[in-house]
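The values are calculated or read from the model by the stated rules, or taken from the named source; none is laboratory data. On a predicted model such as this, the values are computed, not experimentally measured, just so you know. Here the Cβ positions follow ideal geometry from the backbone for every residue, glycine too, while neighbour counts run over all protein chains shown. Just the protein is used for accessible areas: all its heavy atoms, side chains included, with ligands, DNA and RNA removed. Shrake-Rupley method; radii C 1.70, N 1.55, O 1.52, S 1.80 Å.
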Amino acid sequence: MKKIIGSIVILGTLVLLTSFFFVKKSETQVKKSTFLSYEINPLQQELHFYWKNKNATNYKSFQNLKSELEKENKELVFAMNGGMYNKDLSPQGLYIENGKTKTRIDTSQSGYGNFYLQPNGIFYLTNKNKPVICTTKMFVRNEHIKYATQSGPMLLIDGKIHSKFREGSSNVHIRNGVGILPNGNLLFAISNEKTNFYDFASYFKQNGCKNALYLDGFVSRVYLPSKNWNQLDGNFGVIIGETKTK
């Protein structure tokens, strides 16, 4: 009789454990389904940062950028707003385009808003198209940087979720960001529903990123016709875009 009872207890425990892992797996799948992501190999795909056109006019929207590129016989494959901006649509903090510093780095530790939720960070590409995401404190300016945009907060730092994020936080918005995958490619992501910082950072961590940077919030847009996302509106500062020649 004792053996029968013991077997029932063990069986029941196994059922509970199986149910637990099934629920956890389902939760992870649901969580991932709330994000649209796009992977880019910057060594093989053309990735550029945009702010103003040849007439020194801010692009503002993906539609404007797309139209300008078409005049050059280029196709806009992907676009995402690339960092926070000021009221005049100038980049907030550091912005480098084609090796030229357009706006200076902001090292203030006491400002207001997400940008100043320390540590914030910088996403940049070298002249050899190697992507780097680092904290502002660790950034070193050199002549080998082709593009750079500053934003904040960092989502992941050396594989760890930002210490100020809280699981279950009610601070939810549409959010977009970028991380570096283990293979060196870039992972761009945007939530298709409101999410908090902790869950957003967790998404990058689950995909193997060690470092990831938050780009912006409720203004976030993405243009990715290959996945049926055609948000061509917006009123941005920096735009990050992948192009190809037609």
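Of the numbered criteria (1) among the hydrophobic types (A, V, I, L, M, F, W, C); (2) open to solvent by 100 Å² or more (accessible area, probe 1.4 Å); (3) under 16 Å from LEU215 (Cα atoms), the one MET138 fails is (3).
Counting residues in segment 144-162 that are open to solvent by 10 Å² or more (accessible area, probe 1.4 Å), within 11 Å of CYS209 (Cβ to Cβ) and assigned to a loop (DSSP other than H, G, I, E, B) gives one or more.
Quickly run through segment 163-177 and pick out the residues that are open to solvent by 50 Å² or more (accessible area, probe 1.4 Å) and basic (Lys, Arg). Give the steps one after another, and end with the answer.
Pass one, segment 163-177, residues open to solvent by 50 Å² or more (accessible area, probe 1.4 Å): 163-164, 166-168, 170-173.
Matches in segment 163-177: LYS164, ARG166.
The sole residue among ASN86, ASN55 that is free of Cβ contacts under 8 Å to residues at least 60 places away in the same chain and not charged (D, E, K, R) is ASN55. Of the residues that make up segment 109-121, is at least one under 26 Å from ASN58 (Cα atoms), within 16 Å of the chain's Cα centre (by Cα) and assigned to a loop (DSSP other than H, G, I, E, B)? There is at least one residue in segment 109-121 that is under 26 Å from ASN58 (Cα atoms), within 16 Å of the chain's Cα centre (by Cα) and assigned to a loop (DSSP other than H, G, I, E, B).
Taken over segment 235-246, residues that are in a loop (DSSP other than H, G, I, E, B) and either among the basic types (Lys, Arg) or buried (at least 21 other Cβ atoms within 10 Å of the Cβ) (or both) amount to 4.
Here GLU75 fulfils each of the conditions (1) within 25 Å of GLY234 (Cα to Cα); (2) crowded, with 16+ Cβ neighbours inside 10 Å apart from (2). Could you check segment 194-221 and list, in sequence order, the residues that are at pLDDT below 95, under 28 Å from GLU75 (Cβ atoms) and among the hydrophobic types (A, V, I, L, M, F, W, C)? The one that is at pLDDT below 95, under 28 Å from GLU75 (Cβ atoms) and among the hydrophobic types (A, V, I, L, M, F, W, C): VAL219.
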